[in-house]
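Quick notes on the structure that follows.
The values are calculated or read from the model by the stated rules, or taken from the named source; none is laboratory data. Just so you know, these numbers come straight off a predicted model, no measurement behind them. Neighbour counts run over all protein chains shown; Cβ positions are idealised from the backbone, glycine included.
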């Protein structure tokens with residue numbers, strides 16, 4: 001097992017390429033199951049979750065090919081998913097347990113083969129994320145659903161219909177959107193999630209021949225077609241990675257140019273909160289130039305919300321930054337009920353944080369102190385890295401396999417901008 005070792009207190013400066021978005025890449029890979037012609041995706045990040053999903057798609061009969069010629073720190077990989085013959089409609093527990101996004105194969109398998117057997121998913125332990133919204137939506141468009149022995153068993157010919165989500169769900173919106181593309185009739189999806197990753201998926205599906213209107217809104221209309229065709233598509237930049245590095249710039253008193261297309265739009269909710277905290281953003285011809293515009297980080301109140309609000313995936317990183325604010329801040333988590341597990345670890349570094357239910361009060365301190373800390377989930381891992389970059393002394397971040405799920409070449413990227421950071425062998429924990 002490895003750990004990340006950081007010698008804090010170094011100002012970050014330079015240009016950082018933003019990788020393709022993990023949360024966009026995973027549903028796009030699942031969309032490859034919808035066509036016999038093959039789907040080629042560019043700008044996929046090198047991440048553990050990408051490898052896990054590729055293994056699952058292979059298990060189902062897809063042939064996966066990679067083109068990494070000329071890869072460097074600023075470019076992703078090109079992957080072709082050729083699902084001419086689906087040889088299995090069962091997504092087994094051994095693979096699905098590793099990553100919650102595996103549930104997204106359910107819609108494409110059901111739409112194309114008329115059946116799907118998918119293990120109930122795993123993933124980060126950040127709270128309950130039930131899939132009942134997915135299952136009810138499939139029933140609304142003609143599927144029969146059975147839960148048995150820890151598996152979802154879906155069957156039937158999809159006929160279309162009206163789906164109304166009681167609460168906004170990114171995963172459920174993606175799953176039903178993919179399935180509806182091959183349904184016999186038309187499907188209306190009401191209260192659909194509006195995240196940029198869903199827009200990315202919808203645009204790719206349209207390029208494959210799907211008929212979708214209302215893209216980018218909370219009401220999607222899908223007219224089913226008999227088949228989708230081959231296409232090539234480039235994955236959008238990762239707005240959470242970009243937000244994380246924006247926080248790194250502020251916490252180290254540095255200046256970073258984040259390289260990527262459409263960052264001001266996809267980062268809408270994050271940029272609004274970071275501006276309130278005193279960060280300054282200037283658009284360049286390559287992306288966004290970011291620095292702290294005030295002498296100290298300003299205390300703020302933030303509430304996690306669906307897009308275009310402040311994303312829950314940035315909550316832990318924002319909390320790390322608020323430990324250094326002038327005054328106090330309050331962060332309220334409304335999406336997941338167990339997403340403050342990074343708080344005790346930040347407190348080990350000297351942070352002053354009090355949790356009361358779904359809200360955390362952070363009182364700014366002069367300096368964080370390096371310490372041995374342990375990552376509990378993907379975004380919590382990044383919050384500890386950020387704290388280590390700004391802390392006095394050395395910070396060891398253990399259990400970094402979480403980071404490998406969502407941050408491409410983290411050590412190389414931060415090192416290229418002046419951080420003293422390395423991966424080393426960890427003691428058994």
Self-check item: Residues of region 37-53 satisfying the condition of being crowded, with 17+ Cβ neighbours inside 10 Å, touching a strand residue (DSSP E or B) at 6+ places or on another chain (Cβ under 8 Å) and closer than 11 Å to residue 25 by Cα
Solution: 41, 43, 44, 45, 50
Exercise. Please tell me if residue 64 is farther than 30 Å from residue 418 by Cβ, free of Cβ contacts under 8 Å to residues at least 24 places away in the same chain, touching a helix residue (DSSP H, G or I) at 6+ places or on another chain (Cβ under 7 Å) and crowded, with 16+ Cβ neighbours inside 10 Å.
Key: yes
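Please state which one of 186, 155 is assigned by TED's automatic domain parsing to the domain that holds residue 212, within 26 Å of residue 94 (Cα to Cα) and modelled with pLDDT of 95 or more.
Among 186, 155, only 155 is assigned by TED's automatic domain parsing to the domain that holds residue 212, within 26 Å of residue 94 (Cα to Cα) and modelled with pLDDT of 95 or more.
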Exercise. Of the conditions (1) assigned by TED's automatic domain parsing to the domain that holds residue 98; (2) modelled with pLDDT of 95 or more; (3) surrounded by fewer than 19 Cβ atoms within 10 Å (Cβ to Cβ), residue 200 clears all except one; give me its number.
Key: (3)
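On the given criteria, is residue 397 over 16 Å from residue 312 (Cβ atoms) and part of a strand (DSSP E or B)? Before you say what the answer is, go through the steps one by one.
Numbers: over 16 Å from residue 312 (Cβ atoms): yes; part of a strand (DSSP E or B): yes.
Yes: the conditions hold for residue 397.
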Practice problem: State whether one or more residues within region 302-320 are touching a residue at least 40 places away in the same chain (Cβ under 8 Å), in a helix (DSSP H, G or I), more than 23 Å from residue 169 (Cα to Cα) and assigned by TED's automatic domain parsing to the domain that holds residue 378. | Solution: yes
Quiz item: Regarding residue 101, is this residue in contact with a helix residue (DSSP H, G or I) (Cβ under 8 Å, 6 or more places away or on another chain) and either modelled with pLDDT under 95 or not in a helix (DSSP H, G or I) (or both)?
Solution: yes
Exercise. Report yes if residue 366 is within 29 Å of residue 77 (Cβ to Cβ) and surrounded by fewer than 16 Cβ atoms within 10 Å (Cβ to Cβ), otherwise no.
Key: no
Exercise. Can you give me the number of residues within region 7-51 that are in a loop (DSSP other than H, G, I, E, B) and closer than 25 Å to residue 418 by Cα?
Key: 11
Practice problem: Quick one: residue 167 ticks every box in (1) surrounded by 16 or more Cβ atoms within 10 Å (Cβ to Cβ); (2) in contact with a helix residue (DSSP H, G or I) (Cβ under 8 Å, 6 or more places away or on another chain) except a single one, so which number is it? | Solution: (1)
Quiz item: Is at least one residue of region 177-192 surrounded by 16 or more Cβ atoms within 10 Å (Cβ to Cβ) and within 18 Å of the chain's Cα centre (by Cα)?
Solution: yes
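Residues checked against (1) under 24 Å from residue 76 (Cα atoms); (2) at pLDDT 95 or above:
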position	(1), (2)
370	no, yes
385	yes, yes
388	no, yes
393	no, yes
402	yes, no
413	yes, yes
416	yes, yes
Exercise. Inspect region 203-219 for any residue being crowded, with 24+ Cβ neighbours inside 10 Å, assigned by TED's automatic domain parsing to the domain that holds residue 116 and either part of a strand (DSSP E or B) or without any contact (Cβ under 8 Å) to a residue 24 or more places away in the chain (or both) and give the result as yes or no.
Key: no
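Quick one: how many residues across region 222-231 are surrounded by fewer than 18 Cβ atoms within 10 Å (Cβ to Cβ) and either touching a helix residue (DSSP H, G or I) at 6+ places or on another chain (Cβ under 7 Å) or not in a loop (DSSP other than H, G, I, E, B) (or both)? If you could, list the steps in order and put the result at the bottom.
To start, the set of residues in region 222-231 that are surrounded by fewer than 18 Cβ atoms within 10 Å (Cβ to Cβ) comprises 223, 225-227, 229-230.
Going one step further and asking which of them are either touching a helix residue (DSSP H, G or I) at 6+ places or on another chain (Cβ under 7 Å) or not in a loop (DSSP other than H, G, I, E, B) (or both), we end up with 223.
Adding up the residues that qualify gives 1.
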Quiz item: Across region 388-418, what is the number of residues that are touching a residue at least 60 places away in the same chain (Cβ under 8 Å) and in contact with a strand residue (DSSP E or B) (Cβ under 7 Å, 6 or more places away or on another chain)?
Solution: 18
